[in-house]
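Have a look at the structure below, then the notes.
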Amino acid sequence: MRTPDSPAVAARSLTRQKARLLPGTLLSFTTVTHPPKGFPDRPRQIGLIELTDGHRVLGALSGSAEPKIGQVVIPRMHLSRVNAEGLRLYEVVYELTERMAETASETKEFPGYILALTGPSGVGKTTVSLLLTKMLSDFTTKVPIVTSRTPKEGDDQEYDYVSTREFERLEKSGALVAWTHLPSESEQRSYGYRKNDIEAIWEQGKLPVVVTEMQLLQGLAGHFGRRSILSFGLLPPGASKRAMLSHLLHRMRARGRETDAQIEERLLNAQADLDYFTRAAHLFDHILVNEDLDSVLKVIKGHVLELSKA
Amino acid sequence: MQKDISLIGIGQTKFGEWWGKSLFTLIEEAVDSAILSAPCSALDIDFIIVANMLAESVNGQAHLGAVASSLLPHHPPALRVEAACASGSIAVHTACALLESGRAETVLVVGAEKMTDASGDEITTALMGAADSEKDAPCGLTFPGLFGLVARRYMHEFGLSRSQLNLVSARHHLNALKNPFAQFRQEMTPEQIGASALVADPLRLLDCSPISDGAAACILSTKHHSPMRIAASQTSTDALSIADRPVLTSFSATKDSMQRALDEADCATSDIAHVELHDCFSVAALIALEDMGFAESGEGIRWYEQNTPMTVNASGGLKACGHPVAATGIKQIIDVSKQLQASGKRYGLAHNFGGVGATCCVHILQHSPHAHA
């Protein structure tokens with residue numbers, strides 16, 4: 001049976017720890033009276049630590065005093081044990097300091113901020129926003145998009161469907177903070193965000209997340225002010241514009257949400273969108289290439305956690 | 001539920017330490033009593049699902065579908081599912097999917113675990129397989145250690161005291177007195193619980209569910225009917241490692257599966273008369289009550305401080321009834337059905353999770369005593 005004592009497991013764990021040799025804050029700790037086979041048979045103190053870059057790690061603690069939640073810890077290399085084959089296994093242990101972290105990291109407030117994800121059709125905005133709001137479910141909520149278009153198969157509960165007349169009424173009464181009309185040959189669509197939806201999320205102390213496009217982003221920036229928006233642009237992978245567009249085409253065909261005529265039209269829009277990233281660079285805080293979902297999420301998560309402390 | 005699925009047969013072994021019984025014997029015993037209690041014959045069973053977590057590493061036995069199938073004269077098709085401590089309920093969930101799809105009409109679900117064949121060290125390492133083997137295990141954490149972290153954080157955030165936490169296991173032990181299938185049928189005072197040996201500070205020995213042998217089986221059918229219907233079967237998952245979660249004191253998989261189960265059964269928390277929840281460690285019972293919406297955050301302990309109309313873990317729960325890992329999820333459904341039968345009430349709920357809440361499965365049973373009488 002594989003045990004934590006296996007040299008390969010210990011080596012991988014050490015590599016991961018060394019890549020992130022940062023101080024952090026103690027979120028919780030325990031003392032395991034009888035550690036698993038392979039570890040010295042004496043009580044072992046282990047902590048869950050939030051590092052300064054926002055990542056959380058589990059690691060052994062060292063220090064003579066009783067740990068406290070919120071205490072600052074610093075990493076140190078340590079000879080953990082010598083295994084049965086005589087291999088010396090090292091690990092990173094976290095040394096307890098006298099200092100307490102200044103802010104409790106569990107309560108986060110985002111008064112007046114909005115997180116916006118912008119990008120061409122098919123770049124993966126919906127996927128990123130779904131995973132992000134799931135990963136940070138206690139701090140973020142997705143803002144529903146009000147639309148006058150009819151529901152389609154493949155829609156991910158992101159839309160709030162209203163009639164064209166109702167949409168006009170909302171727009172005229174000032175209930176919408178941003179809206180856009182996309183008259184086209186293949187479909188007639190209007191999209192917008194309700195002011196109430198966004199404010200309700202702020203009231204819960206959470207960060208509203210909008211999946212948006214250029215027109216709506218400008219509207220939001222106009223209404224709430226550019227500085228209240230943490231704005232991410234998502235680009236498809238590819239070295240050239242042509243490579244990017246072909247990537248989008250693949251994605252749209254694969255998800256099967258649009259007809260061929262709609263895909264063609266969206267590709268034309270996508271070309272304009274890609275240009276817009278350079279023309280309206282001032283509307284974006286960060287431009288990310290959606291090559292690997294995990295790293296995109298990690299970057300966004302890091303920025304969100306940073307924002308909450310500010 | 002897209003089909004009307006009835007629970008038509010139930011059976012289980014007594015949970016405990018069974019040196020004289022093998023994994024095979026335990027499975028056979030539970031299956032036999034489930035078939036005996038059903039209004040159909042063994043030959044009506046057209047699919048078997050086996051739930052088990054540890055047989056390869058602890059019993060040297062894989063291929064459990066064939067093990068169970070060979071117990072029946074007509075050898076129906078069989079498969080095995082695994083989702084750590086949630087294996088049992090995930091097996092029932094899989095059975096519901098087969099019944100809903102029409103692939104099967106009567107499914108036998110059996111969960112079994114034979115843990116006492118291995119040493120404590122081996123079991124500790126094997127159980128750690130329910131957590132993240134790359135992120136959680138290398139620092140020397142054990143499973144109680146993971147919940148020790150959860151318990152410490154919970155006590156810090158909500159000011160729960162040690163003497164309050166003692167009430168949880170004390171209540172479960174008291175409930176087990178009335179359960180003939182329970183592993184520990186003796187009363188434990190809160191003081192005894194608070195004085196038991198530390199396992200993973202702040203958790204003590206009597207905060208932890210035991211190592212047990214046992215099996216539980218049930219028969220679900222769309223062809224034969226009973227007053228006990230599966231009204232909802234929902235499952236949800238979360239990040240495997242606790243280092244990848246934003247909060248420690250609440251499990252989003254429980255919240256999510258519970259909400260979807262209530263929607264599916266079209267009922268509210270106030271309609272539920274009996275709950276069997278996953279108290280692998282005392283603190284988990286409190287978190288489960290809160291995540292399922294029976295209590296506000298930090299208030300789960302209220303259910304143990306007073307007597308309430310809804311019963312919680314009347315069987316003794318995992319703590320006192322025993323926790324043969326994959327048998328638990330099925331045993332919970334059996335107990336809820338017995339409780340509904342006895343009380344004549346309408347809705348009962350079973351909540352079962354694996355790992356530190358990385359897989360959760362919620363079942364709601366609906367009892368209609370007069371519908372099929």
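Whole-Hz ³J(HN,Hα) for each residue in segment B:355-361, computed from phi via Karplus 6.51 cos²θ - 1.76 cosθ + 1.60 with θ = phi - 60°, x for glycine and proline: what do you get?
Karplus values, whole Hz, x for Gly and Pro: x, 8, x, 7, 10, 10, 9.
Thinking of chain B as a set of Cα atoms, what percent of all their pairs are more than 36 Å apart?
Percent of Cα pairs beyond 36 Å in chain B: 15.
According to the square roots a ≥ b ≥ c of the eigenvalues of the Cα gyration tensor, what is the shape class of segment A:21-65, taking rounded for a/c under 1.5, prolate for a/b larger than b/c otherwise, and oblate for the remainder?
Because a/c hits 1.5 or more and a/b exceeds b/c, segment A:21-65 counts as prolate.
Just checking the output field for B:141-148: average partner chain Cβ neighbours within 10 Å of each residue's Cβ? Before the final figure, lay out each step's value.
Values: counts 11, 10, 2, 4, 10, 5, 1, 7.
Partner-chain Cβ atoms within 10 Å, mean over residues of B:141-148: 6.
Would you please name the trypsin sites (Lys or Arg not before Pro) within segment B:178-284 that are DSSP coil residues with at most 11 other C-beta atoms within 10 Å of their C-beta? All intermediate terms of the calculation are to be shown ahead of the outcome.
On the way: sites: B:178, B:185, B:204, B:223, B:229, B:255, B:260; in loops: B:178, B:185, B:223.
Counting only loop positions with at most 11 other Cβ atoms within 10 Å, the trypsin sites (Lys or Arg not before Pro) in segment B:178-284 are B:178.
In segment A:1-99, what GluC sites (Glu not before Pro) fall in a loop by DSSP, with at most 13 other Cβ atoms inside 10 Å?
Of the GluC sites (Glu not before Pro), the ones in loops of segment A:1-99 whose Cβ has at most 13 other Cβ atoms within 10 Å are A:85.
For a quick check: with amide H placed at 1.01 Å from N, whose amide H comes under 5 Å from residue B:204's, ignoring anything fewer than 5 positions away on the same chain?
Under 5 Å from the amide H of residue B:204: B:199.
Using helices alone, what [θ] at 222 nm do you get for the protein assembly as shown, with -39,500 (n - 2.57) per DSSP H run of 4 or more residues, divided over all residues and rounded to the nearest 500?
-11000 deg cm²/dmol
With θ set to phi - 60°, apply the Karplus curve 6.51 cos²θ - 1.76 cosθ + 1.60 along segment B:292-299 and write out the HN-Hα couplings as whole Hz, x wherever there is a Gly or Pro.
7, x, 8, 8, 6, 4, x, 10
Given H placed 1.01 Å from N in the peptide plane, which residues other than close sequence neighbours of residue A:71 have an amide H under 5 Å from its amide H?
A:26, A:101
Hey, what do the phi angles of segment A:40-50 turn into as Karplus ³J(HN,Hα) couplings, whole Hz, using 6.51/-1.76/1.60 and θ = phi - 60°, x for Gly and Pro?
x, 7, 8, x, 10, 8, 10, x, 9, 10, 9
Round to the nearest 10 and give me the degree value, 0 to 90, for the angle of helix A:241-255's Cα axis relative to the longest principal axis of chain A.
It works out to around 90 degrees.
Roughly speaking, what is the centre-to-centre gap between segment A:233-310 and segment A:156-229 when only Cα atoms are used, to the nearest Å?
Segment A:233-310 and segment A:156-229 have Cα centres separated by 20 Å.
Measure up B:14/B:319; A:18/A:125; A:37/B:14; A:206/B:255 against 21 Å on the Cα-Cα distance and list the ones that go over.
Too far apart for the 21 Å limit: A:18/A:125; A:37/B:14.
What does the structure give for B:237-250 when I average, per residue, the other chain Cβ atoms found within 10 Å of the residue Cβ?
4
Considering only segment A:114-309, what is the antiparallel percent among its DSSP beta bridges, to the nearest 5?
Values: 9 of 28 bridges.
Just about 30 percent of them are antiparallel.
For the residue pair residue B:178 and residue A:203, what label-to-label distance in nm results when each label sits 7 Å from Cα along the Cα-to-beta-carbon direction?
My value for the distance between the label points is 4.4 nm.
Using a Gaussian network model of chain B whose springs link C-alpha atoms within less than 10 Å, name the residue from B:70, B:315, B:33 with the highest mean-square fluctuation.
B:70
Using a Gaussian network for chain B with springs between C-alpha atoms less than 10 Å apart, which of these wobbles most: B:199, B:247, B:325?
Maximum fluctuation in the GNM of chain B, among the listed residues, is at B:247.
Can you give the relative contact order of segment B:132-291 as a percent, counting alpha carbon pairs under 8 Å and 6+ residues apart?
Numbers: 149 pairs, mean separation 41.4, N = 160.
Computed over segment B:132-291, the figure is 26 percent.
Roughly speaking, what is the centre-to-centre gap between segment B:340-364 and segment A:112-129 when only Cα atoms are used, to the nearest Å?
37
Under a GNM of chain A (C-alpha, springs under 10 Å), which listed residue has the highest mean-square fluctuation: A:273, A:41, A:53?
A:41
Computed from the coordinates by the stated procedures, all read-outs in this text should not be read as laboratory data. Because the structure is predicted, anything quoted here is derived from the model rather than measured. When we count neighbours, we look across all protein chains shown, and the Cβ atoms used for this are built from the backbone with ideal geometry, even at glycine.
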